[in-house]
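A.B. asks: Have a look at this one before I ask anything.
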Amino acid sequence: MKKLLTVALSLGLLFSGAVGCKKNKPEAADTSEAQGIPLFSQSYPADPATFVPNLKRLAAPRGGESNQNLLARFFKENNIAIDPPAAVFLDEGGKRLLVRAPQSDKEKVQALVERIQKGQ
């Protein structure tokens, strides 16, 4: 059941990213794009044997905080806007990190992912 949910969320995030990139006119419900803020979608490799422990070293989890919530908090603490329709999703089963964020944050996201992967 957990794998099914993970796959469904992954596909939903990827699909919404692909559809969002092809729109000619933003819809009102998509607040970032409606305000003229273009989003990008990117998938990064995330080996659960190293990625999650490195993330926990960089940002200590708060009592009972899930890996997903820890990742979202870490992105926000590093000034990367992930409020809807932007999102960040850690697919531990598929060993991928899926990010949809403002285009202006693309380099910051790349640097942050590399920092987590290196554990620095």
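The values are calculated or read from the model by the stated rules, or taken from the named source; none is laboratory data. The structure displayed is predicted, hence computed values, not measured ones. Positions of Cβ are generated from backbone atoms using ideal geometry, with glycine treated the same way; all protein chains shown enter the neighbour counts. Remember, those area values only see protein heavy atoms, side chains included, never the ligands or the DNA or RNA. Shrake-Rupley method; radii C 1.70, N 1.55, O 1.52, S 1.80 Å.
A.B. asks: Of all the residues that make up the range 61-111, how many are charged (D, E, K, R) and either within 16 Å of ILE37 (Cα to Cα) or touching a residue at least 24 places away in the same chain (Cβ under 8 Å) (or both)?
C.D. replies: Taking the range 61-111 first, the residues charged (D, E, K, R) are 62, 65, 73, 76-77, 83, 91-92, 95-96, 100, 105-108.
From what is left, the residues that are either within 16 Å of ILE37 (Cα to Cα) or touching a residue at least 24 places away in the same chain (Cβ under 8 Å) (or both) are 83, 91-92, 95-96, 100, 105-108.
Residues flagged as charged (D, E, K, R) and either within 16 Å of ILE37 (Cα to Cα) or touching a residue at least 24 places away in the same chain (Cβ under 8 Å) (or both) within the range 61-111 amount to 10.
A.B. asks: Within the range 66-101, how many residues turn out to be open to solvent by 10 Å² or more (accessible area, probe 1.4 Å), within 18 Å of PRO53 (Cβ to Cβ) and in contact with a Pro (Cβ under 6 Å, 6 or more places away or on another chain)?
C.D. replies: Of the residues in that region, 1 qualify.
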